[in-house]
Amino acid sequence: REAENIIMVENSEGNTNYAVSQIEAIERTIQQNKSKIADLEKQLAEAGSKSKQLAATINRIKGELEEKDSYISNLRKELSASQAKVVELSDQVEDLNQNVVTLNEDIENLNAEREEQQTTIRLQDAALNTVYYFAAPMELLKENGLVTKNGVFSKESVSMTLNKDLMHTADRRELSIIPLNTKKATILTNHPESSYQITKADDGMLSLVIVDKEAFWNISNYLIISIK
């Protein structure tokens, strides 16, 4: 009876291995008791005793043993069902684990795609806001093909095909001032006069100050300055 109570507690907590071992122990005890009862019945028959009390006791014990047999059979059925349920739950857990793995892979792929998209956006944004500028004496501008002259009497003009590799680059949103390191400068590219100022330091050196970045670079992303 003590073992039966232990079985019920352990089985309710899912410890089927312990319950199986207890059931097997009870079955062994029942078989031992059956053997003892059989010996008692044999002894009673051989003694020719008419003791109704002893016979009743034997019959009662045999009835209890039969009940225990039935009880053990039911326990085994319950354990079998529990084990099947454990297998089913284990399969469900395995499926859930696989789903988690799949979801993690999907998240990693999405993060990689998002990072790639953000990189592309940064590169496109940088390209759209990249400006090119170059300040040099007129002779050097001509030598590098940044300024051309179509005829003897025509004025110099900015080349239609500028070599970006010769020029400085900057982000139009961040470029505010360009030190020219000269006392005379002429802007050759087309930029609204209201969008910039030519300032002079105490030593007479000039700097280009962009006061309206959007307007200054609205016509062209190129700035060519002739200095002397």
Does any residue of the stretch 88-104 turn out to be part of a helix (DSSP H, G or I), on the phi < 0 side of the Ramachandran plot, modelled with pLDDT under 85 and open to solvent by 90 Å² or more (accessible area, probe 1.4 Å)? no
Given the criterion modelled with pLDDT of 70 or more, within 30 Å of residue 80 (Cα to Cα), open to solvent by 80 Å² or more (accessible area, probe 1.4 Å) and not acidic (Asp, Glu), identify the matching residue among 60, 28, 1. 28
Pairs, please: C-beta under 6 Å, at least 6 apart or cross-chain, first residue without any contact (Cβ under 8 Å) to a residue 60 or more places away in the chain and in the stretch 168-179, second polar (S, T, N, Q) and open to solvent by 30 Å² or more (accessible area, probe 1.4 Å)? 169/130
Residue under evaluation residue 120, criteria (1) β-branched (Val, Ile, Thr); (2) at pLDDT 85 or above; (3) under 30 Å from residue 183 (Cβ atoms); (4) outside any strand (DSSP E or B), criterion not met: (3)
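If you scan the stretch 190-208, which residues turn out to be in a loop (DSSP other than H, G, I, E, B) and exposed (fewer than 13 other Cβ atoms within 10 Å of the Cβ)?
Listed by number, the residues that qualify are 190, 192, 201, 202, 203, 204.
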With the checklist (1) open to solvent by 50 Å² or more (accessible area, probe 1.4 Å); (2) without any contact (Cβ under 8 Å) to a residue 40 or more places away in the chain; (3) closer than 13 Å to residue 223 by Cβ in hand, flag the one item residue 187 doesn't pass. (1)
Scan the stretch 113-133 and give yes if some residue there is of a type outside the set (A, V, I, L, M, F, W, C) and touching a Leu at 6+ places or on another chain (Cβ under 6 Å), otherwise no. yes
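The values are calculated or read from the model by the stated rules, or taken from the named source; none is laboratory data. Please read these numbers as outputs of a predicted model, since none were measured by experiment. Neighbour counts are summed over all protein chains in view; Cβ atoms, including those assigned to glycine, are modelled from backbone coordinates with ideal geometry. Just the protein is used for accessible areas: all its heavy atoms, side chains included, with ligands, DNA and RNA removed. Shrake-Rupley method; radii C 1.70, N 1.55, O 1.52, S 1.80 Å.
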